[in-house]
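Heads up: the structure comes next, in structure tokens.
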Amino acid sequence: MEEKNFICTACPMGCKLIVRMEGDEVVKILGHRCRKGETYGRQEAIAPQRMVASTVRIANGIHPLLPVYTKGSIPKRKIFEVLEKIRAIEVPAPVKAEDVIIANVIGTGVDVIASRDMPEK
Amino acid sequence: MIIKKQYDVVVIGAGPGGLAAAIEAKKGGADDVLVIERDVELGGILLQCIHNGFGLQTFKEDLPGPEYAQRYINEAKSLGISFLMDTMVMDVTSQRKLYLSSRDFGYVEVDAHAIVLAMGCRERTRAQVRLPGYRPNGVFTAGTAQRWVNVEGYMPGEKFVILGSGDIGMIMARRLTFEGAHVERVLEIQSYLSGLSRNYVQCLEDWGIPLQLNHTIKKIIGKNRVEAIESVAVDEKWNFIPGTEEIIPCDTLLLSVGLIPENELSKKAGVALDPVTGGPFVDEHFQTNVPGIFAAGNVVHVYDLVDWVSLAGVEAGRSAAEFALAEKERSARYIPLVPGKNVRYIVPHKLDKKALEKGDISLQMRVTKPIEEDVWLEVHGEKNSIVRRSERYVRPGEMVTIVLKPRMAAEVEKAGRLTVDIYPKSEA
Ligand code: SF4
């Protein structure tokens, strides 16, 4: 049996998780203070996921950049691929918070959406 | 927008603490709520905190900073709160008078029945941690770098060392990595992390950025631009341990070495500060030692979570509204005494309408110019005359008195203000 140690990042409590593995199977999770921690521990042991936040260029906005984020978490190993996509585009102002900027980014099933309203200059 | 002379609640700062306070004050019955913000847009520092992790408590969602702010901005706007943007508060008095300098309105004075201080905090700088070495370009606070990278679109460098394991520093380590920069090292003088563990995991560990505890900077190397830093291990008393020095080449040094509540204005208003937190001493309603002046958020002490800042804003805003309404009622009982024709001043300056029911009130005054003939001394409201008596003459050197009697209470009650005129009978 293998033991993996994680710090849960699902909330700011930062619980110390112990995940017991039998091969690729999670057999026991210890140390979590809530259900979200259990989900996190399982996921982290098998296929880590993260939300990603960055900026895209915006034309004619009151700022040159529009902050964006992934509406849900995506596989950790795909983060740089998603960042590449985000870096490659430019959108026109105005934009509203939660407007979809890139739908289903690189086939993850997750949308990249705007983090704020960005009025025109 | 027309700026009023008098507001129920004035909130200084439109970050999360200020916005929550303004919203709650308005909901709590304060009609005229004004938010003063020095930036050109609402939201405060949240606008540059583009990472997620905000709002887990408040909204049960994992939101980025700007989105968290946006929700409060939208609510505040929908409630009919007034905003004065691009405006600095230059002075505040303990009498709750504010002196402003505004881009659009110039110099402005406003009075408030209650004030909420929500100026937030600012970063410790190089000067406050005494870093030896030259003063080259390339040394920035983490928050400054955050503003450039996330809002203005500039990269401050390519190869970074970060001093301090505060949250903003760790978050910037990840952000810079995302933008293609290389973060060589995070150094922390203490034996433990100063930010949240989750940020260590997501921002440093995920990207293989080494954190060295019990380490600090011995010297900054480079004359015009940072070329390297010399790091060193420290003992438990923070003394350098000889022989542990290491030269780390880099072009930029970010400082994430703590935040200090911003209370320059509070001091001007006579607000007493706790030397430990750097923020005002407050009661359970976040009222400071100055009645009617409340404080909310990082201006009081530095929070780890914005959700708690918002909660503090709610309490301060609710209490400020309560104070303002009581104050308004109290001040509505008073009517001002206004010097009219040939009157230089009157004492008292105002009077409580109800006070006449209890007995005589004598008004003492001096005239502006002598009148050496029979005069009338007359007290009147806007429309009604209240009392008139005569004198043989009046002179500035000799004080004049007029007495208001309980039987005049009904007439006084009707008046919004009382004016005293002194004039020759021949002109009557
Ligand atoms: S286990 Fe639950 S309480 Fe603990 S850090 Fe994770 S989400 Fe938070």
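Go through the range B:164-208 and give me each residue that's hydroxyl-bearing (S, T, Y) and part of a loop (DSSP other than H, G, I, E, B). Correct list: B:S165, B:S191, B:Y192, B:S194. I'd like to know if the range A:97-116 contains one or more residues that are touching a strand residue (DSSP E or B) at 6+ places or on another chain (Cβ under 9 Å), within 9 Å of chain B (Cβ to nearest Cβ), open to solvent by 30 Å² or more (accessible area, probe 1.4 Å) and on the phi > 0 side of the Ramachandran plot. Yes. When residues in the range A:9-43 are screened for being open to solvent by less than 80 Å² (accessible area, probe 1.4 Å), in a strand (DSSP E or B) and touching a Gly at 6+ places or on another chain (Cβ under 8 Å), 5 of them pass. Per the conditions (1) in the same structural domain as B:I162 (by TED's automatic domain parsing); (2) open to solvent by 70 Å² or more (accessible area, probe 1.4 Å), the sole criterion not satisfied by B:D304 is (1).
Scanning the range B:28-55 for residues that are buried (at least 19 other Cβ atoms within 10 Å of the Cβ), within 8 Å of chain A (Cβ to nearest Cβ) and at negative phi returns B:L47, B:I50, B:H51, B:N52.
The set of residues in the range B:391-413 being surrounded by fewer than 16 Cβ atoms within 10 Å (Cβ to Cβ) and in contact with a Lys or Arg (Cβ under 7 Å, 6 or more places away or on another chain) consists of B:P396, B:M399, B:E413. Taking the range B:4-27 as the search range and keeping residues that are touching a strand residue (DSSP E or B) at 6+ places or on another chain (Cβ under 6 Å) and open to solvent by 40 Å² or more (accessible area, probe 1.4 Å), which one is nearest to B:A332 (Cα to Cα)? Among them, the one singled out is B:Q6.
Conditions tested, residue by residue: (1) part of a helix (DSSP H, G or I); (2) charged (D, E, K, R).
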residue: B:F323; (1), (2): yes, no
residue: B:A326; (1), (2): yes, no
residue: B:R330; (1), (2): yes, yes
residue: B:P336; (1), (2): no, no
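Every condition in (1) more than 16 Å from the ligand (Cβ to nearest atom); (2) crowded, with 20+ Cβ neighbours inside 10 Å is met by A:F6 except one, and the failing one is (1). Those strands (runs of 3 or more DSSP E) of the range B:227-278 in which 1 or more residues are open to solvent by 50 Å² or more (accessible area, probe 1.4 Å) and either closer than 17 Å to B:V129 by Cβ or assigned by TED's automatic domain parsing to the domain that holds B:K159 (or both) occupy B:246-249, B:259-261. Within the range B:294-304, one or more residues are within 26 Å of B:S194 (Cα to Cα), free of Cβ contacts under 8 Å to residues at least 12 places away in the same chain and out of contact with any Leu (no Cβ under 8 Å at 6 or more places or on another chain). For the range A:86-96, taking the residues that are more than 11 Å from chain B (Cβ to nearest Cβ) and of a type in the set (V, I, T), the one that is most open to solvent (accessible area, probe 1.4 Å) is identified as A:I89. If you go through the range A:17-52 and keep only what is within 9 Å of the ligand (Cβ to nearest atom), out of contact with any helix residue (DSSP H, G or I) (no Cβ under 6 Å at 6 or more places or on another chain) and not β-branched (V, I, T), you end up with A:G31, A:R33, A:C34, A:R35, A:K36, A:G37, A:E38, A:Y40, A:G41. For B:H380, the conditions (1) exposed (fewer than 12 other Cβ atoms within 10 Å of the Cβ); (2) in contact (Cβ under 8 Å) with a residue 24 or more places away in the chain all hold with the exception of (1).
Output the number of the condition that A:L83 fails; it satisfies all remaining conditions of (1) more than 15 Å from the ligand (Cβ to nearest atom); (2) over 14 Å from the mean Cα position of the chain (by Cα); (3) surrounded by 15 or more Cβ atoms within 10 Å (Cβ to Cβ); (4) within 26 Å of B:R147 (Cα to Cα). So A:L83 meets the others, but not (2).
For a quick check of your reading of the model, give me the residue pairs whose first member lies in the range A:1-26 and is touching a residue at least 12 places away in the same chain (Cβ under 8 Å), whose second is open to solvent by 70 Å² or more (accessible area, probe 1.4 Å) and within 8 Å of the ligand (Cβ to nearest atom), with beta-carbon atoms closer than 8 Å and at least 6 apart or on different chains. Pairs that qualify, where the first residue is touching a residue at least 12 places away in the same chain (Cβ under 8 Å) and the partner is open to solvent by 70 Å² or more (accessible area, probe 1.4 Å) and within 8 Å of the ligand (Cβ to nearest atom), are A:C8/A:K36; A:A10/A:K36; A:C11/A:K36; A:M13/A:R33; A:C15/A:R33.
Exactly one residue among A:I58, A:I62 is touching a Pro at 6+ places or on another chain (Cβ under 6 Å), within 11 Å of another protein chain (Cβ to nearest Cβ) and away from the ligand (no atom under 16 Å from the Cβ), and that residue is A:I62. Of all residues in the range B:133-151, none satisfies being touching a Gly at 6+ places or on another chain (Cβ under 6 Å), in the same structural domain as B:G17 (by TED's automatic domain parsing) and within 23 Å of B:G278 (Cα to Cα). Restricting attention to the range B:116-126, the residues being buried (at least 17 other Cβ atoms within 10 Å of the Cβ) and either over 28 Å from the mean Cα position of the chain (by Cα) or closer than 30 Å to B:K26 by Cβ (or both) number 6. Determine, yes or no, whether B:L204 is assigned by TED's automatic domain parsing to the domain that holds B:I248 and closer than 24 Å to B:A233 by Cβ. So B:L204 fits the description; yes.
Within the range B:127-163, the residues that satisfy the criterion of being open to solvent by 20 Å² or more (accessible area, probe 1.4 Å), of a type outside the set (G, A, S) and assigned to a helix (DSSP H, G or I) are B:Q128, B:V129, B:T144, B:R147, B:W148, B:E152.
The values are calculated or read from the model by the stated rules, or taken from the named source; none is laboratory data. Please read all numbers here as calculations on a predicted model, not as lab measurements. Neighbour counts run over all protein chains shown; Cβ positions are idealised from the backbone, glycine included. Heavy atoms of the whole protein, side chains included, go into the accessibility calculation; ligands, DNA and RNA do not. Shrake-Rupley method; radii C 1.70, N 1.55, O 1.52, S 1.80 Å.
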